[in-house]
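The values are calculated or read from the model by the stated rules, or taken from the named source; none is laboratory data. Keep in mind it's a predicted model, so treat the numbers as computed, not measured. Ideal geometry is used to build each Cβ from the backbone, glycine not excepted, and the neighbour counts take in all protein chains shown.
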Amino acid sequence: MEQGVSSIWAFLHLILVFSYFHYVTPNAEGDALNALKSSLADPNGVLQSWDPTLVNPCTWFHVTCNSENSVTRVDLGNANLTGQLVTQLGQLPNLQYLELYSNNISGTVPYELGNLKNLVSLDLYLNNLSGPIPDTLGKLQKLRFLRLNNNTLSGEIPNSLTAITTLQVLDLSTNHLHGIVPTYGSFSMFTPISFKGNQNLTMPAVTPTSPILTPKSQSVGNRATGAIAGGVAAGAALLFAAPAIALAWWRRRKPQEHFFDVPAEEDPEVHLGQLKRFSLRELQVATDNFSHKNILGRGGFGKVYKGRLADGSLVAVKRLKEERTQGGELQFQTEVEMISMAVHRNLLRLRGFCMTPTERLLVYPYMANGSVASCLRERSETHPPLDWDIRKRIALGAARGLAYLHDHCDPKIIHRDVKAANILLDEVYEAVVGDFGLAKLMDYKDTHVTTAVRGTIGHIAPEYLSTGKSSEKTDVFGYGVMLLELITGQRAFDLARLANDDDVMLLDWVKGLLKEKKLETLVDGDLQGNYIDAEVEQLIQVALLCTQSSPMERPKMSEVVRMLEGDGLAERWEEWQKEEMFRQEANLTHPNNGEWVVDSTSNLRPDELSGPR
């Protein structure tokens, strides 16, 4: 009996020991990510939450997991990281998105990335990576986005990459690659722009029928042999081209996947890329059937509701207001997916969507501190005003987000309604640009290029208001007005009332106050003088450069970012002042009313010219 009891206790002890070691053994995926963290220098503390003592990495910032607590996404783009990638990255079996763009990472691209069989997007562009492109990447048969541009990669393009039939976006430009670009498989659909900036990389001949010059003394036999060889070569070229032609034909004829309505009683875990498709019932429950008490905001696009999902997470549900048209589902799908691919720390990430015969809804993370507009003008007495350091950080964060939309999205995304109400603030008051891409999304039913004005009066660039033509410089103008809102705490319309003259050129009034050093007239009284005069002047200078009447004279958002970071503002401002002197002299003889004049439109409500956006 005692021997039996001892055996039982020994067995139980063994189970306890096994359970203990099973519990404390680190998660393999956590180990892989910690190896990456150890290999990188992180001056901004982006990886601070990556705690090696935690078994599950799904609680870390910049890491996304699926319902089985397996890592599906790593977002570390534009994080000022240096160091090298590690081979352990190949131990993330369910990883779909690896975003490490726009850092200063060096070393080679690990061959082990070829083990990531579920990878959809590999973005390593704008780093300092060297060495060859691993041929193992050809094993990634779900890969749709491969961006390795703006590195120092060398060697030939692996032929194995042409076997990735799912590839939609490829950018290998601005490297040190050499050899001939493959012309078969998936590569047949990509233009030379994908490979530009590689001095020793050769594009193949466009046509196989180019005449070959031969010496006149060449014998008939040689010519005949050449003709036969040419025929064989042409036949071989046709043979190799046939699969590419067939693939292109199949893609064109392949019926596109359409959305279907998910019944409430069924599992709503249907995904489009990294997006979750929510059921309508799920969002009705989350928002208390779209209760008025849960409305966070409203505009030309519709209303936004606060919601709480079944897992307890807070979301903002944007209920689009639009007419349904036949055949719009496919375009809606395309635009929603395009919006979801814009991933940046200063952009509001689209979390999911819902589409039924009567509803179209977008689901975003809930922003704890609302918008810049609400913090400036709608805060309660219990909430302190935005201090000057936070306002400076908001200005830089919003500029970085817009610069990403303009320079790093393919195709570029023009916001068309940049204003304080669309700059959101997370729990630490980091600026997050929201509502981007909605203007294009809401125009999906148009079969022509729209000229309808989308935006808010007071924030609309003059050329857009008069012609309906928008560009990235339209966003730059709106950003400049937003900066004035950030400095003054006032709406764009209310700034006109400060000027006390219905016919005043508002920007000239701001220039005058800046020149006369009357900053107290402009700066938000809520700051109670707690700001640095020189920094206020610099921010006003940036705002004035951004709101010039001519779009060609406005800086790009990437230039705005550099100016806010302390590079080039003084030179740009001095150059502009010289040009202003010439303009003023010219205006004495030829008056020009092209500046931003506060006119009769100022008594319109801000959303009266706001179409769906």
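Considering only residues of the stretch 138-160 that are within 16 Å of PRO93 (Cβ to Cβ) and touching a Gly at 6+ places or on another chain (Cβ under 8 Å), which is surrounded by the fewest Cβ atoms within 10 Å (Cβ to Cβ)? My answer is LYS139.
Among the residues making up the stretch 415-433, those that are touching a residue at least 60 places away in the same chain (Cβ under 8 Å) and buried (at least 22 other Cβ atoms within 10 Å of the Cβ) are HIS415, ARG416, ASP417, VAL418, LYS419, ALA420, ALA421, LEU424, ALA431, VAL432, VAL433. If a residue has to be charged (D, E, K, R) and farther than 21 Å from THR174 by Cα to count, how many in the stretch 78-125 make the cut? Residues meeting the conditions: 2. Of these, GLY107, GLY114, GLY77, GLY30, which one is closer than 27 Å to THR165 by Cβ and touching a strand residue (DSSP E or B) at 6+ places or on another chain (Cβ under 9 Å)? When all the criteria are applied, what remains is GLY77. Scanning the stretch 506-543 for residues that are farther than 21 Å from GLU571 by Cα and small (Gly, Ala, Ser) yields GLY525, GLY529.
Screening the stretch 100-112 for residues that are part of a loop (DSSP other than H, G, I, E, B) and not polar (S, T, N, Q) and picking the one that is modelled with the lowest pLDDT gives TYR101. Just to be sure, is THR72 in contact with a Phe, Trp or Tyr (Cβ under 8 Å, 6 or more places away or on another chain), assigned to a helix (DSSP H, G or I) and either farther than 18 Å from HIS344 by Cβ or modelled with pLDDT of 95 or more (or both)? So THR72 fails the test.
Somewhere in the stretch 557-580, is a residue touching a Gly at 6+ places or on another chain (Cβ under 6 Å) and modelled with pLDDT of 90 or more? For the stretch 557-580, residues touching a Gly at 6+ places or on another chain (Cβ under 6 Å) and modelled with pLDDT of 90 or more: present.
Residues checked against (1) part of a strand (DSSP E or B); (2) of a type in the set (Asp, Glu); (3) farther than 30 Å from GLY397 by Cβ:
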{"residue": "ALA79", "(1), (2), (3)": "no, no, no"}
{"residue": "LEU98", "(1), (2), (3)": "yes, no, no"}
{"residue": "GLY114", "(1), (2), (3)": "no, no, yes"}
{"residue": "ASN127", "(1), (2), (3)": "no, no, no"}
{"residue": "LEU153", "(1), (2), (3)": "yes, no, yes"}
{"residue": "ILE157", "(1), (2), (3)": "no, no, yes"}
{"residue": "SER160", "(1), (2), (3)": "no, no, yes"}
{"residue": "SER173", "(1), (2), (3)": "no, no, no"}
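Quick check on the stretch 384-398: of everything there that is assigned to a helix (DSSP H, G or I) and out of contact with any strand residue (DSSP E or B) (no Cβ under 9 Å at 6 or more places or on another chain), which residue is nearest to LEU486 (Cα to Cα)? Among those that are assigned to a helix (DSSP H, G or I) and out of contact with any strand residue (DSSP E or B) (no Cβ under 9 Å at 6 or more places or on another chain), it is ARG391. The residue of the stretch 26-78 that is nearest to the chain's Cα centre (by Cα), among those that are surrounded by 18 or more Cβ atoms within 10 Å (Cβ to Cβ) and β-branched (Val, Ile, Thr), is VAL74.
Here THR183 meets the list (1) of a type in the set (S, T, N, Q); (2) touching a helix residue (DSSP H, G or I) at 6+ places or on another chain (Cβ under 7 Å); (3) more than 22 Å from ASN115 (Cα to Cα) almost entirely, failing just condition (2).
The condition of being within 23 Å of VAL343 (Cα to Cα) and in contact with a strand residue (DSSP E or B) (Cβ under 8 Å, 6 or more places away or on another chain) holds for only one of VAL86, VAL71, that being VAL71. Of the residues making up the stretch 348-369, those that are out of contact with any Ser or Thr (no Cβ under 7 Å at 6 or more places or on another chain), within 24 Å of TYR429 (Cβ to Cβ) and either assigned to a strand (DSSP E or B) or not basic (Lys, Arg) (or both) are LEU348, LEU362, VAL363, TYR364, PRO365, TYR366, MET367, ALA368, ASN369.
Quick grid of which residues meet (1) at pLDDT below 70; (2) at positive phi; (3) in contact with a strand residue (DSSP E or B) (Cβ under 7 Å, 6 or more places away or on another chain):
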{"residue": "GLN256", "(1), (2), (3)": "yes, no, no"}
{"residue": "VAL270", "(1), (2), (3)": "yes, no, yes"}
{"residue": "LEU280", "(1), (2), (3)": "no, no, yes"}
{"residue": "LEU296", "(1), (2), (3)": "no, no, yes"}
{"residue": "GLY312", "(1), (2), (3)": "no, yes, no"}
{"residue": "GLY327", "(1), (2), (3)": "yes, yes, no"}
{"residue": "LEU330", "(1), (2), (3)": "yes, no, no"}
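I'm trying to understand the selection: among the residues of the stretch 129-151, which are part of a loop (DSSP other than H, G, I, E, B) and either of a type in the set (Val, Ile, Thr) or without any contact (Cβ under 8 Å) to a residue 12 or more places away in the chain (or both)? Once the filter is applied, which keeps residues that are part of a loop (DSSP other than H, G, I, E, B) and either of a type in the set (Val, Ile, Thr) or without any contact (Cβ under 8 Å) to a residue 12 or more places away in the chain (or both), the stretch 129-151 yields only ILE133.
Scanning the stretch 556-585 for residues that are assigned to a loop (DSSP other than H, G, I, E, B) and farther than 24 Å from ASP389 by Cβ yields a total of 1. Against the list (1) modelled with pLDDT under 90; (2) over 30 Å from the mean Cα position of the chain (by Cα), the condition ASN530 fails is (1).
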